[in-house]
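Data first, discussion second: the structure below is written as structure tokens.
The values are calculated or read from the model by the stated rules, or taken from the named source; none is laboratory data. Source: prediction; values computed, not measured. Here the Cβ is made from the backbone with ideal geometry for all residues, glycine too, and neighbour counts use every protein chain on show. Accessible surface is based on the protein model in full, side chains and every heavy atom, while ligands, DNA and RNA are left aside. Shrake-Rupley method; radii C 1.70, N 1.55, O 1.52, S 1.80 Å.
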Amino acid sequence: FPGSTHSYELHVWSPQWMEIDTATVPPTIRPVTRTPVCPKPADAVNITATVVHNAGTEISAVKLMYAVGPTNKVYQAVDMARQGQTADYKAQIPAQADRSFVHYYVEATDVNGNKDAFPIYATGKAPYFYKVNNTGCAVEDIQYTVIDMYGDKEDLFSSGYRDHKVTNVTAIVTASPAGDNLGYCYAQQPGRTSWAGIQLTGGIANLNVGDSLTILDADVSEYFGRTQLTNVNVTNHGPAK
């Protein structure tokens, strides 16, 4: 390397030299999805998880853990049923009342007693969650976080809708990507002031401040602690009246 006292080094490696300790390796849980993403009061919610074991050890149990209420840490355990010969497991959260806050994660155990969970202590993230909403997907629900659910660690401040696709979200453009504006696109849920604004990326080139939107579909993602709607597909209804 120029300016370095070290020369190039070659480290020879063969997969045959790799040894997996099957006695201690836990299962891997990826991904965890829900349907519907934005449930209404009459909707039971189907949770699906893909569970594999990198050491090839048999998986003895997969459980869906859920609790209702933002400060409730007493989780109900539901056995997840394997879907045929696939690695997918499924269980259901019962329908809840309008505006209920439901948080959940998946826990898998192998025959050696090794256990892992997603998305809690496996990744240092907070559990997934959703708010039951009779009007469907809403910015205020997507943006909402419970700061003190699992302490004050900043990496827990993430949307419970992350990694999911939301549909038919109503918003009004408050900043546009135009050169004479902010250069970034933000939109706000009409009639709301708390947790109501969000950044949009993709499909935003022709949006102007004041435009009324129906976000037909978008992916929810986190960018350095900031929740975004990415890959947005919108219907622009023109200036809000």
Q: Kindly provide the set of residues from region 223-241 that are at negative phi and hydrophobic (A, V, I, L, M, F, W, C), ordered by number.
A: 229, 232, 234, 240
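Residues are listed down the side, and each one gets a yes or a no for (1) more than 24 Å from the chain's Cα centre (by Cα); (2) open to solvent by 60 Å² or more (accessible area, probe 1.4 Å):
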position	(1), (2)
158	no, no
170	no, yes
181	yes, yes
195	no, yes
199	no, no
Q.
Condition (residue is in a loop (DSSP other than H, G, I, E, B), modelled with pLDDT under 95, touching a Lys or Arg at 6+ places or on another chain (Cβ under 9 Å) and of a type in the set (S, T, N, Q)) applied to region 146-167: is it met by at least one residue?
A. yes
Q) Of all the residues that make up region 22-51, how many are among the β-branched types (Val, Ile, Thr), assigned to a strand (DSSP E or B) and either under 30 Å from residue 97 (Cα atoms) or modelled with pLDDT under 95 (or both)? A) 9
Q.
Checking residue 134 against (1) open to solvent by less than 70 Å² (accessible area, probe 1.4 Å); (2) assigned to a loop (DSSP other than H, G, I, E, B); (3) modelled with pLDDT of 95 or more, only one condition comes out false. Which one?
A. (1)
Q: Provide a single number: the residues in region 52-87 that are part of a loop (DSSP other than H, G, I, E, B) and either in contact with a His (Cβ under 6 Å, 6 or more places away or on another chain) or not aromatic (Phe, Trp, Tyr) (or both).
A: 18
Q) For region 168-195, which residues satisfy the criterion of being aromatic (Phe, Trp, Tyr) and either in contact (Cβ under 8 Å) with a residue 40 or more places away in the chain or in a strand (DSSP E or B) (or both)? A) 186, 195
Q.
Pairs please, first residue from region 114-134 and more than 17 Å from residue 45 (Cα to Cα), second anywhere and modelled with pLDDT under 75, Cβ atoms under 7 Å, 6+ apart in sequence or on different chains.
A. 116/122; 119/125; 124/155; 125/155; 125/156; 126/149; 126/150; 126/156
Q. Hey, does region 212-222 have a residue that's free of Cβ contacts under 8 Å to residues at least 24 places away in the same chain, under 19 Å from residue 161 (Cβ atoms) and open to solvent by 40 Å² or more (accessible area, probe 1.4 Å)?
A. no
Q.
Looking at region 60-72, can you tell me whether even one residue there is free of Cβ contacts under 8 Å to residues at least 60 places away in the same chain, closer than 21 Å to residue 219 by Cβ and not basic (Lys, Arg)?
A. no
Q. Just for region 224-239: of the residues that are surrounded by 13 or more Cβ atoms within 10 Å (Cβ to Cβ) and in contact (Cβ under 8 Å) with a residue 40 or more places away in the chain, which one is nearest to residue 210 (Cα to Cα)?
A. 229
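Yes/no matrix, rows are residues, columns are (1) open to solvent by 60 Å² or more (accessible area, probe 1.4 Å); (2) in contact with a strand residue (DSSP E or B) (Cβ under 9 Å, 6 or more places away or on another chain); (3) closer than 30 Å to residue 169 by Cβ:
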{"residue": "56", "(1), (2), (3)": "yes, no, no"}
{"residue": "64", "(1), (2), (3)": "no, yes, yes"}
{"residue": "76", "(1), (2), (3)": "yes, yes, yes"}
{"residue": "90", "(1), (2), (3)": "yes, yes, yes"}
{"residue": "105", "(1), (2), (3)": "no, yes, yes"}
{"residue": "117", "(1), (2), (3)": "no, yes, yes"}
